[in-house]
Amino acid sequence: MTSMIEFKELIPIFDAESPVIIAGPCSAESRAQTLRTAEELASAGIRYFRAGVWKPRTRPGSFEGVGAKALPWLAEVREKTGMTPMTEIASPAHLRNALRAGIFTVWIGARTTANPFAVQEIADFISSLPQGEKDRIGVLVKNPVNPDLELWIGALQRLYRAGVRRLGAIHRGFSAYGSHLYRNVPEWRIPIELKRRIPSLPLICDPSHIGGRRDLIGKISQQALDMRFDGLIIESHSDPDCALSDSAQQVTPSELSSILSSLRSSPESTAEDSLRVYREEIDIIDEELVTLLSRRMDVARRIGSLKIREGVSVVQPGRYSMLMERRVADGERLGLCPDFMRRILGVIHEESVRQQLSLRSNECETDIAGDNGVTEDN
Ligand code: PEP
Ligand code: MN
């Protein structure tokens, strides 16, 4: 278990008031695009500039960043606009190059945080630096791609033990298989637990990578502020539709300004405030429930089509009662009342059957299992 004592010497990584806003393109693509975006953001009052130089792409062949040659563009951003530039590093070589170019604030990406070998190599490199240089380094650690709080804290500990005192965390959501409303599911309870365990650690939300879509940025940002995050990191590009990476989630600097001006800052903590945090968590869980129900119905319809093709009967009474008992027992283990489980599973099952039958008759208003003894086979 992490002791807060371990992080007791943290010093602020930002000199701006909360909420801190970090903005900039997913990737630095060219000098012109980097400087144009930075100038527009600086005019909008942004003080921290992000741009990826080395991009961890899921599949080979997509844009992997322009590499070290973009670092002088970031240094130029500081000279021309006064903003603090930051970039992602995944290895000691990246960090060495960034420091040489005068970039002292960096972030560790989600895929790197998930790899303790990689984080330890970065930490060992930092340990080997002279104290003066160590003191200038600021590191924001993104959550690992998988929902593992201990792995996230482990990465922070490795850096702290290496002498990094300007530390922060970025919540960018967690990967999940299949299609979801969010590109990366927020699982808010994980960053909230991180904040509870290390209260002095600045916690920044990345609505761009959580949502994966520009229209979700405002809503996710508001939720983060309501949950007392210390800031936001938002991808912004002077021409988002032409962006070489993460085009769908980037906004122009002027769209960013209107998102930011629509956000309300949360008043001091009250009972009402805690209630809102819980309600937001309920809303998110309900959204996940809707997504899951839709996926379940989709699978039920596929089973229905398969049965039609194979001429298989839809009547499977034994299977239904077996599934029901299994789920009721699962629910009981998780503290859910058997009667509630039976009722909710009954309604879901009824709807699956209705969907399967409507495939057969090609109409929606079809009688359901209870009346005709038909049972879905799932
Ligand atoms: C990014 O910030 O552009 C990035 C690659 O993020 P993540 O590590 O969260 O996927
Ligand atoms: Mn990105």
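The values are calculated or read from the model by the stated rules, or taken from the named source; none is laboratory data. Everything numeric here is computed off the predicted structure, so don't read it as measured data. Please note: Cβ atoms are built from the backbone with ideal geometry, for glycine as well, and neighbour counts cover all protein chains shown. Protein only, heavy atoms only, side chains kept; ligands, DNA and RNA dropped before computing areas. Shrake-Rupley method; radii C 1.70, N 1.55, O 1.52, S 1.80 Å.
Note on segment 159-297: with charges restricted to the Cβ of Lys and Arg (+1) and Asp and Glu (-1), its dipole about the Cα centre is near 580 debye. Share of pairwise Cα-Cα distances greater than 18 Å in segment 1-126 is 57 percent (whole percent). Surface exposure of segment 1-135, expressed per residue as accessible area with a 1.4 Å probe, stands at 46 Å². For the chain, a crude dipole built from +1 on the beta carbon of Lys and Arg and -1 on the beta carbon of Asp and Glu, taken about the Cα centre, is about 1100 debye to the nearest 20.
Shape analysis of the chain yields a ratio of the Cα radius of gyration to the Kirkwood radius, Rg/Rh, of 1.07. Total lysine pairs in the chain at Cα distances under 16 Å, for residues eight or more apart or on different chains: 4.
First measure r as the distance between the Cβ atoms of residue 309 and residue 146, then evaluate 1/(1 + (r/R0)^6) with R0 = 35 Å and state the FRET efficiency to the nearest 0.05. Once the sixth-power term is evaluated, E becomes 0.40.
Ligands, DNA and RNA aside, residue 239 has an accessible area near 70 Å² when probed at 1.4 Å. In segment 4-266, carbon and sulfur make up what percent of the accessible area (probe 1.4 Å)? Answer for segment 4-266: carbon and sulfur cover 52 percent of the accessible area.
Normalised by 2.2 N^0.38 Å, with N the number of residues, the alpha-carbon radius of gyration of segment 86-133 equals 1.08.
For segment 71-171, the Kirkwood radius over C-alpha pairs fed into Stokes-Einstein at 37 °C and 0.692 mPa s yields D = 242 µm² per second. Is the shape of segment 170-325 rounded, prolate or oblate, going by the alpha carbon gyration tensor and its root eigenvalues a ≥ b ≥ c, with a/c under 1.5 for rounded and a/b larger than b/c for prolate? Oblate, since a/c reaches 1.5 and b/c is not below a/b. Counting DSSP beta bridges in the chain, what percent are antiparallel, to the nearest 5? If I count the DSSP bridges inside the chain, around 5 percent turn out antiparallel.
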